[in-house]
Amino acid sequence: MNFQNPNDTICALSTASGVGAIALIRLSGKDAVEITNAIFSKNLTTVATHTAHFGRILKEGDLLDEVVVTVYKNPKSFTGEDSVEIACHGSRFIQSEILKLLIEKGARLAGPGEFSLRAFMNGKMDLSQTEAVSDLIMSNSKAAHKVAMHQMRGGFASEINELRQQLLNFASLVELELDFSQEDVEFADRSQLENLITQIKTKVNRLVESFKLGNVIKNGVPVAIVGPPNAGKSTLLNALLNEEKPLYQK
């Protein structure tokens, strides 16, 4: 991804584009509080982190909307930077006008995934957790949600770290044996090395299998129901879906 200066303060609509009761606009960066303060009716510069504040947003002296602004001070935020969330009414016009105001005051629109990128760059998440954020948003089943939550909470990363540590232990034992091979000194029991290799192989195989299962849960499995006319294809499909679905006939 090709982003502009990572020191910029970025802003974006965090809720789905369109009309709704509430929309959420997010800012992140060193000037997030100052930029929001410039368009908000209350002074946010001295407020505590993780606090919400009701007030008004004005444009050229006219009331644009009444909003709730939540402030997160670094490093206790999703991105690890100063962050602000503006909960406004979900009018397309209001959303657009607030974003324009923020940009006029010095913010820029965020690129796709840039909030998650900043969280990664600031050490708030590792790569697997960053990917899990997208998987969690796109999850459309209980199983997909469970896998994404496990990964986002560091479950996959902890297994990788454990595997890395086992490999380092094995490599250090082997190097030690090689360094003193002429001394006829044995630093590691051969059965210990064999047991370590078995553990490593088991863990690697389990991770490979978990990827296959996770990919199926995430992306599904394409299935074709084929057979001669009147063999029960439509009946089977309807039973699987628990609804009446027309079957394509070539």
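The numbers here are math on the coordinates, done by the rules we state, and not lab data. The structure presented is a predicted model; accordingly, all values stated were derived computationally and were not measured. As a convention, Cβ positions derive from the backbone with ideal geometry for all residues, glycine included, and neighbour counts pool all protein chains shown.
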Separation of the Gln192 and Lys146 label points, Cα + 7 Å toward Cβ, nm: 3.9
Fewest first, what order do Cys88, Cys11 take by the number of other Cβ atoms within 10 Å? Cys88, Cys11
Provide the FRET efficiency to the nearest 0.05 for the Asp126-Glu104 pair, computing r from the beta carbons and using R0 = 35 Å. 0.45
Given Lys30/Lys73; Lys30/Lys76; Lys100/Lys124; Lys30/Lys105; Lys76/Lys105, the pairs whose alpha carbons are separated by over 18 Å: Lys100/Lys124; Lys76/Lys105
Long-range amide H contacts for Lys59: which residues qualify at under 5 Å (H placed 1.01 Å from N, peptide plane, sequence gap of 5 or more or a different chain)? Leu64
Run the numbers for Ser91 and Val208: contour at 0.36 nm per residue of separation, minus the present Cα-Cα distance, in nm. 37.5 nm
Proxy reagent accessibility, fewest Cβ within 10 Å first, across Asp31, Asp62: Asp62, Asp31
Leu240 versus Glu175, label points 7 Å from Cα toward the beta carbon: distance in nm? 5.2
Residues Thr79, Thr235, Thr70, sorted so that the one with the fewest Cβ neighbours within 10 Å comes first: Thr235, Thr70, Thr79
Using amide H atoms built 1.01 Å from N in the peptide plane, name the residues 5+ places from Leu109, or on other chains, whose amide H lies under 5 Å from its own. Cys11
